[in-house]
Number of protein chains: 2
Amino acid sequence: MYTLSELQKAVADYMNHLDVDGNPHSLYEPIAYSIGAGGKRLRPMLTVLACNIFSDNALLALPAAAALEVFHTFTLLHDDIMDNAPTRRGKPSVYGKWGTNAAILSGDAMMIYSYKLLQQTPVEFLPAVLGCFNYTAMTVCEGQQCDMSFESREDVSMEEYMDMINKKTAALLAGSTIIGAIQGGADPQNRQHLFVFATELGLAFQLQDDLLDAFGTEAQLGKPIGGDILEAKKSFLLLTALQRADGESRKHLLNLLHDNTIAPAEKIAEVLRIYNHLGVREVAETEITSHFNKAMEALDALDAEPERITPLRELALGLLGRNK
Amino acid sequence: MYTLSELQKAVADYMNHLDVDGNPHSLYEPIAYSIGAGGKRLRPMLTVLACNIFSDNALLALPAAAALEVFHTFTLLHDDIMDNAPTRRGKPSVYGKWGTNAAILSGDAMMIYSYKLLQQTPVEFLPAVLGCFNYTAMTVCEGQQCDMSFESREDVSMEEYMDMINKKTAALLAGSTIIGAIQGGADPQNRQHLFVFATELGLAFQLQDDLLDAFGTEAQLGKPIGGDILEAKKSFLLLTALQRADGESRKHLLNLLHDNTIAPAEKIAEVLRIYNHLGVREVAETEITSHFNKAMEALDALDAEPERITPLRELALGLLGRNK
């Protein structure tokens, strides 16, 4: 059994030593650039930590763990084209640096590269791991399609929003965790508990991201505050505000969001004033805590030695900033 | 053992009954549209025909055969974005009908769908089939990147061109054939012969496509004649002409290709006059025959009963119009 920090080091090392080059170099350069940009490596950590609960050989899940991180990075690369986003985490995006065609094609190659990593999975686990990976990957695409279609709709319900983030964000955390559990030899009951854990953690994580966009700091969010407000994005906060507002303030909020004559900083401040007035922050915090608690309960329900679960629990606590 | 027409019917039936739908429908509609557009189904035919040489149960290769066709169709979908092509085979392309973002995302989902089909491969063949599929898919991306980079280069050599079509076109025919052979239980020697067969067939097929663009009919080509000339595409014909022309006619040809003041029909006629003067057609025909003959020799070298090879030979002869 490995500790959290041992597995963090193993994942970082593995990701840093991926052999991403070939001919023509121009195809592979954006792939290496994207993978090298780093990040929390949350998805591969879930894979090896889930494997670590049931097996003393959690490192055998590293290739599949890396496949999930590469797949995640690929989705960001194509999302940046669709969102017309020239930067990502303060650096030029592949789309911004190399253009649409390179981002499409290097993205495609990157998805294939994720399957090349997956192919290194021990053969006895390969059919189940491949099946789970494919199902997860397709679900993420479904979530992205929902997200895109919400942009042009004014009638998105909270239920639809939760379904979208479930598919776009939580499903990949769930898939990453299950793929680790499979390779650890977890039985179906334990896999089911871990599915609930990772899904609820994913929902809490995404809702916290929504919350930080309005009430966090730029350091916490990794990009300037208020982006969702300026894009009039149907976030949990906006949908909650629209649910709670009366007819008049609802109209005011919608007009404000679509008014391009107001200075950005002023628009953000006024929307936050409305959110505060409607108690949106408290609703979001309650919702986040509720999903996070369900995730922790699912961990408690696992049939495994408690100390083997500790590293995964530490990761989850750290992710939601509840480890202090 | 099945006949060619029995396998053609089985592939057509399988492709027509793929279950391509889900939620949101808008993600899946372009996938069903693309797969339903049909075509020769060349790649899945190679898979089942190769399997058919070594096994009486060639139909077990149908899921992987379909995976290769879906992957091929996915590449066309993303290529149409990169080429800015609003139509394909006389119908609107997905890009033309639904726009860039839908074409990117449905293309991504389509690639994942090809892996979902591949996952149905009998487990004893899965590692080898997945490995071959990944290698092939990556090679196709490399070929597409080379093709794109040629557009802005004036110094493309014939060797580079042949390497590009080998990767972009021939590699997928080779991968399709090998994936069938693996599932038929072919030994390494026979797989190697089939690799040579399909690679050489692919080169002959692509060069014939180049030839038809200038010297064929719209019915043979499936689109208006002269498209490569109007795009000044570095085809086998153009590179041959540039090799054979003296300094003066070389300059004339290049000026002509980049002159946007000349009417299209006139430009095509003048380029054809130069091609005829330089004997380009004969060079191309000799090259096609040479590759086709190498493909046939590789079939003859197979260690298998001759009548089992007949259906695959018939397909190859038909593909190059040499079955009359």
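Can you tell me which of (1) touching a helix residue (DSSP H, G or I) at 6+ places or on another chain (Cβ under 9 Å); (2) in a helix (DSSP H, G or I); (3) loosely packed, with under 13 Cβ neighbours inside 10 Å is the one B:Gly321 doesn't meet?
All conditions pass for B:Gly321, except number (2).
How many residues does region B:157-185 contain that are under 17 Å from B:Arg43 (Cα atoms) and either facing chain A (nearest Cβ under 10 Å) or open to solvent by less than 30 Å² (accessible area, probe 1.4 Å) (or both)?
Start the filter on region B:157-185 by keeping residues that are under 17 Å from B:Arg43 (Cα atoms), which leaves B:165-184.
Now narrow it down to the ones that are either facing chain A (nearest Cβ under 10 Å) or open to solvent by less than 30 Å² (accessible area, probe 1.4 Å) (or both): B:165, B:167, B:169-184.
Summing the residues that are under 17 Å from B:Arg43 (Cα atoms) and either facing chain A (nearest Cβ under 10 Å) or open to solvent by less than 30 Å² (accessible area, probe 1.4 Å) (or both) in region B:157-185 gives 18.
Are any residues in region A:83-105 open to solvent by less than 20 Å² (accessible area, probe 1.4 Å) and either of a type in the set (D, E, K, R) or at the interface with another protein chain (Cβ under 8 Å from one of its Cβ atoms) (or both), and if so, which ones?
The answer is A:Ile104, A:Leu105.
Yes or no: region B:237-260 includes at least one residue that is open to solvent by less than 50 Å² (accessible area, probe 1.4 Å), over 22 Å from B:Glu154 (Cβ atoms) and not polar (S, T, N, Q).
Looking through region B:237-260, none of the residues is open to solvent by less than 50 Å² (accessible area, probe 1.4 Å), over 22 Å from B:Glu154 (Cβ atoms) and not polar (S, T, N, Q).
B:Asp210 versus (1) touching a residue at least 12 places away in the same chain (Cβ under 8 Å); (2) more than 19 Å from B:Ala170 (Cα to Cα): which is the lone unmet condition?
(2)
With respect to the numbered conditions (1) touching a helix residue (DSSP H, G or I) at 6+ places or on another chain (Cβ under 8 Å); (2) open to solvent by 20 Å² or more (accessible area, probe 1.4 Å), which one is the sole condition not fulfilled by B:Ser5?
(1)
Rundown of residues vs (1) more than 14 Å from chain A (Cβ to nearest Cβ); (2) surrounded by fewer than 20 Cβ atoms within 10 Å (Cβ to Cβ), yes/no style:
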position	(1), (2)
B:Tyr28	no, no
B:Ser34	yes, no
B:Ala37	yes, yes
B:Lys40	yes, yes
B:Cys51	yes, no
B:Asp56	yes, yes
B:Leu59	yes, yes
B:Leu62	yes, no
B:Val70	no, no
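Name the helices (runs of 4 or more DSSP H) wholly inside region A:53-159 in which the number of residues that are among the aliphatic types (A, V, I, L, M) is 3 or more.
Details: elements: A:62-82, A:94-98, A:100-118, A:126-150.
Those helices (runs of 4 or more DSSP H) span A:62-82, A:100-118, A:126-150.
Look at region A:124-156 and say how many of its residues are more than 19 Å from A:Leu68 (Cβ to Cβ) and either without any contact (Cβ under 8 Å) to a residue 40 or more places away in the chain or more than 7 Å from chain B (Cβ to nearest Cβ) (or both). Break it down into steps so the answer makes sense when it comes.
So the first thing to find is which residues in region A:124-156 are more than 19 Å from A:Leu68 (Cβ to Cβ), and the list is A:124, A:145-156.
Pick out the ones that are also either without any contact (Cβ under 8 Å) to a residue 40 or more places away in the chain or more than 7 Å from chain B (Cβ to nearest Cβ) (or both) and you get A:124, A:145-147, A:149-156.
So the count comes out to 12.
Are there any pairs with C-beta distances below 7 angstrom linking a residue in region A:256-267 that is within 17 Å of A:Leu238 (Cα to Cα) to a residue that is in a loop (DSSP other than H, G, I, E, B), with the two at least 6 apart or on different chains, and if so which?
A:Leu257/A:Ala232; A:His258/A:Ala232
Could you check A:Tyr115 against (1) crowded, with 23+ Cβ neighbours inside 10 Å; (2) touching a residue at least 60 places away in the same chain (Cβ under 8 Å); (3) among the aromatic types (Phe, Trp, Tyr) and say which number it fails?
Going through (1) crowded, with 23+ Cβ neighbours inside 10 Å; (2) touching a residue at least 60 places away in the same chain (Cβ under 8 Å); (3) among the aromatic types (Phe, Trp, Tyr) one by one, A:Tyr115 breaks only (2).
For region A:216-228, does any single residue satisfy the condition of being touching a Phe, Trp or Tyr at 6+ places or on another chain (Cβ under 9 Å), crowded, with 17+ Cβ neighbours inside 10 Å and either of a type in the set (Asp, Glu) or modelled with pLDDT of 95 or more (or both)? Break it down into steps so the answer makes sense when it comes.
In the first step, residues of region A:216-228 are kept if they are touching a Phe, Trp or Tyr at 6+ places or on another chain (Cβ under 9 Å); the result is A:225.
Going one step further and asking which of them are crowded, with 17+ Cβ neighbours inside 10 Å, we end up with A:225.
Subsequent filtering for residues that are either of a type in the set (Asp, Glu) or modelled with pLDDT of 95 or more (or both) retains none.
No, there is no match, as no residue in region A:216-228 is touching a Phe, Trp or Tyr at 6+ places or on another chain (Cβ under 9 Å), crowded, with 17+ Cβ neighbours inside 10 Å and either of a type in the set (Asp, Glu) or modelled with pLDDT of 95 or more (or both).
The values are calculated or read from the model by the stated rules, or taken from the named source; none is laboratory data. Keep in mind the model is a prediction, meaning the values are calculated, not measured. No Cβ is skipped: glycine too gets one built from the backbone with ideal geometry, and neighbour counts run over all protein chains shown. Keep in mind that these areas ignore ligands, DNA and RNA; they rest on the heavy atoms of the full protein, side chains included. Shrake-Rupley method; radii C 1.70, N 1.55, O 1.52, S 1.80 Å.
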